[in-house]
Amino acid sequence: MKNLKQYKEKKDLLNTLAQYLCDFSEEAINDHGQFNLVLSGGNSPKALYRLLASNAYKNKIDWKRTYFFFGDERFVPEENVERNSRMAKQTLFTPLRIPTSHIFAVDTSESPEKTAENYTETIVTHFKGNPIAFDCILLGLGEDAHTASLFPNTSVLKETNAEVVSVYVKKLNSYRITMSAPLINAAKHIVFLVFGQSKAKAVFHVLYDKKGSAQHYPAKLIHPEKGELFWFVDAEAMEYSNMKK
Ligand code: 6PG
């Protein structure tokens, strides 16, 4: 089930999404005593993370019962400016004084393959052997319609196991660590957060281009098995779709 929510004003989008996250956290904590949240990287979520850490929302989520994971990570050392975990630390973890015991960052000190195996193991251990189903996974969208680090024409798009995998991304000349589509699709709530005109064609291809393949537009792979899918998109990112639909 896809919920498409488009907003002219970024602040309206962010406040609505922040409230959804509060609701998801309450539902999760009431159900199983914790809120397992997967963060996305890049620039789009920074304003959301800052808003969640602001006076408006910092007391609306039980952070003591919230556990943070990453949908993907760049294969670089922890303090590298490219790290998604470094961005999350600056915008969310430090302002909210989240203890490291609640943050599951990707340890990139071993090979890409071993890193992915270790992160999968970390997740399995956290879920205590129960089926892995994150309460909420935040995702961004690249101009090439990648999401997490599921890039077009890469081998990881064919991954059928719900696990974390490593992938060499030729066009970036770098390795990435990413949750596979099946692992993302096992989540209870999946939320795309997309801003800006530069993403408009990618949004159209993913949401409305029936001929387009997931190989070319990987975000097409994201369909929750049992959960809900949300798209929070600003007017600029919807421009092309609204014109073509
Ligand atoms: C990453 C992200 C990636 C991101 C998109 C959009 O590691 O970069 O996980 O999937 O969400 O590339 O990035 P922007 O929000 O910076 O446009």
Residues that are more than 10 Å from the ligand (Cβ to nearest atom) and part of a strand (DSSP E or B), drawn from the stretch 183-221: HIS189, ILE190, VAL191
Enumeration of residues in the stretch 154-182 that are of a type in the set (S, T, N, Q) and away from the ligand (no atom under 16 Å from the Cβ): SER155, THR160, ASN161
Meets criteria (more than 26 Å from ASP234 (Cα to Cα), open to solvent by 60 Å² or more (accessible area, probe 1.4 Å) and out of contact with any helix residue (DSSP H, G or I) (no Cβ under 8 Å at 6 or more places or on another chain)) for VAL76: no
Selection status of ALA28, outside any strand (DSSP E or B), in contact with a helix residue (DSSP H, G or I) (Cβ under 7 Å, 6 or more places away or on another chain) and open to solvent by less than 30 Å² (accessible area, probe 1.4 Å): no
Single condition THR108 does not satisfy, out of (1) open to solvent by 30 Å² or more (accessible area, probe 1.4 Å); (2) farther than 27 Å from LEU51 by Cα: (1)
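Looking for whichever is charged (D, E, K, R) and out of contact with any helix residue (DSSP H, G or I) (no Cβ under 8 Å at 6 or more places or on another chain) here; the options are LYS199, LYS188, LYS220, LYS211. Which one fits?
So the residue among LYS199, LYS188, LYS220, LYS211 that is charged (D, E, K, R) and out of contact with any helix residue (DSSP H, G or I) (no Cβ under 8 Å at 6 or more places or on another chain) is LYS211.
Given the criteria surrounded by fewer than 23 Cβ atoms within 10 Å (Cβ to Cβ) and of a type in the set (S, T, N, Q), does THR154 qualify? Break it down into steps so the answer makes sense when it comes.
Details: surrounded by fewer than 23 Cβ atoms within 10 Å (Cβ to Cβ): yes; of a type in the set (S, T, N, Q): yes.
Yes.
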Matching entry among VAL38, VAL81, VAL76 (being of a type in the set (A, V, I, L, M, F, W, C), within 12 Å of the ligand (Cβ to nearest atom) and either at positive phi or outside any strand (DSSP E or B) (or both)): VAL76
Tabulated pairs, the stretch 175-191, first farther than 12 Å from ALA148 by Cα and among the acidic types (Asp, Glu), second within 14 Å of the ligand (Cβ to nearest atom) and in a strand (DSSP E or B), C-beta under 9 angstrom, 6+ apart or interchain: none
Where ALA133 falls short, out of the listed (1) outside any strand (DSSP E or B); (2) in contact (Cβ under 8 Å) with a residue 60 or more places away in the chain; (3) within 16 Å of the ligand (Cβ to nearest atom): (3)
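The values are calculated or read from the model by the stated rules, or taken from the named source; none is laboratory data. Please read these numbers as outputs of a predicted model, since none were measured by experiment. Here Cβ is always computed from backbone atoms with ideal geometry, including for glycine, and neighbour counts include all displayed protein chains. Protein only, heavy atoms only, side chains kept; ligands, DNA and RNA dropped before computing areas. Shrake-Rupley method; radii C 1.70, N 1.55, O 1.52, S 1.80 Å.
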